[in-house]
Amino acid sequence: NAGVTQTPKFQVLKTGQSMTLQCAQDMNHNSMYWYRQDPGMGLRLIYYSASEGTTDKGEVPNGYNVSRLNKREFSLRLESAAPSQTSVYFCASVLGPYSNQPQHFGDGTRLSIL
Amino acid sequence: QKEVEQNSGPLSVPEGAIASLNCTYSDRVSQSFFWYRQYSGKSPELIMSIYSNGDKEDGRFTAQLNKASQYVSLLIRDSQPSDSATYLCASRREYGNKLVFGAGTILRVKS
């Protein structure tokens with residue numbers, strides 16, 4: 001019963017490098033989300049996908065791009081990493097854009113940019 | 001003003017006491033609220049959800065919602081050291097099911 005799986009769990013990058021964070025869910029959920037969590041700031045929404053084929057910006061989208069590859073997978077890409085993007089990234093999913101059910105979170109990716 | 005505000009704490013309570021965690025929100029349109037618990041280095045896990053005014057109880061946890069005052073709280077009875085964690089309050093935006101989180105309250109239960 002995997003739920004929401006994120007890869008990698010840890011990553012260290014140099015400024016200017018690019019990378020893609022992967023997220024996959026096996027709960028047949030329609031909506032998926034990417035958050036970042038910085039000390040003392042709670043979780044902030046980067047991008048979300050209300051349903052397959054759609055993506056929208058959240059609160060802090062600058063410096064990121066996303067791809068909803070299919071119903072299961074939602075990836076987050078950093079094209080040119082900056083130290084300000086050092087954070088813990090969480091992927092989450094929920095049944096649908098109007099569901100009252102809570103979001104389920106992955107274990108997170110801890111990203112450090114030097 | 002942040003959309004969801006919480007006292008960052010830490011809130012320290014002795015084992016067996018009641019811990020009271022509070023949250024206020026500014027968007028009157030918000031209808032659903034969630035409390036997540038997050039242990040250090042772990043992902044958030046849902047503790048309680050509440051959608052209507054009043055109290056909702058689940059075991060040692062009680063969530064309270066007052067939409068007129070735009071106030072949500074979480075009571076933890078018979079607090080245990082294992083309850084020591086950061087508690088995140090979140091409101092749900094109707095379209096897209098987006099969550100807006102507070103910064104979290106650190107709870108420490110001392111044995």
Each residue of B:40-46 has, on average, a number of other protein chain C-beta atoms within 10 Å of its C-beta equal to 6
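Can you tell me the dipole magnitude for chain B around its Cα centre, using point charges on the Cβ only (Lys, Arg +1; Asp, Glu -1), in Debye to the nearest 20?
Working: 13 positive and 11 negative charges, 39 e Å.
In total the dipole reaches around 180 debye.
If you put +1 on each Lys and Arg Cβ and -1 on each Asp and Glu Cβ, how big is the dipole of the protein assembly as shown around its Cα centre, in Debye rounded to 20?
On the way: 23 positive and 19 negative charges, 66 e Å.
Charge dipole of the protein assembly as shown: 320 debye, to the nearest 20.
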Violations at 18 Å Cα threshold for listed pairs B:Lys2/B:Lys98; A:Lys57/B:Lys98; A:Lys9/B:Lys98 -> A:Lys9/B:Lys98
Simple SL model, points at 7 angstrom along Cα→Cβ for B:Ala17 and A:Leu114; separation in nm is 4.5
When A:Val12, B:Val109 are arranged by how many other beta-carbons sit within 10 Å of their Cβ, fewest first, they go A:Val12, B:Val109
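Using only atoms on other chains, find how many Cβ atoms lie within 10 Å of each Cβ of peptide A:94-100 and report the average.
Details: counts 5, 1, 2, 6, 4, 2, 6.
Average per residue, whole number: 4.
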Working note, segment B:4-67: Cα radius of gyration (Å, one decimal) and Dmax (Å, whole number) are 12.8, 37
Bounding extents of chain A in its principal axis frame from Cα atoms, largest first in Å, are 39, 25, 25
The farthest towards the positive end of the charge dipole of chain A, of the residues A:Gln22, A:Leu114, A:Thr5, given +1 on Cβ of Lys and Arg and -1 on Cβ of Asp and Glu, is A:Leu114
Debye calc, one equal point scatterer per Cα of segment B:20-111, no solvent, log10 I(q)/I(0) at q = 0.13, 0.22, 0.25 1/Å comes to -0.41, -1.11, -1.37
Segment A:66-82 scanned against label point 7 Å out from A:Lys14 along Cα→C-beta; backbone N under 16 Å for A:80-82
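Just so you know, all these numbers are worked out from the coordinates, no wet-lab data involved. Quick caveat: nothing in here was measured; it's all calculated off a predicted structure. Heads up, the Cβs are rebuilt from the backbone with ideal geometry, glycines too, and the neighbour counts pull from every protein chain shown.
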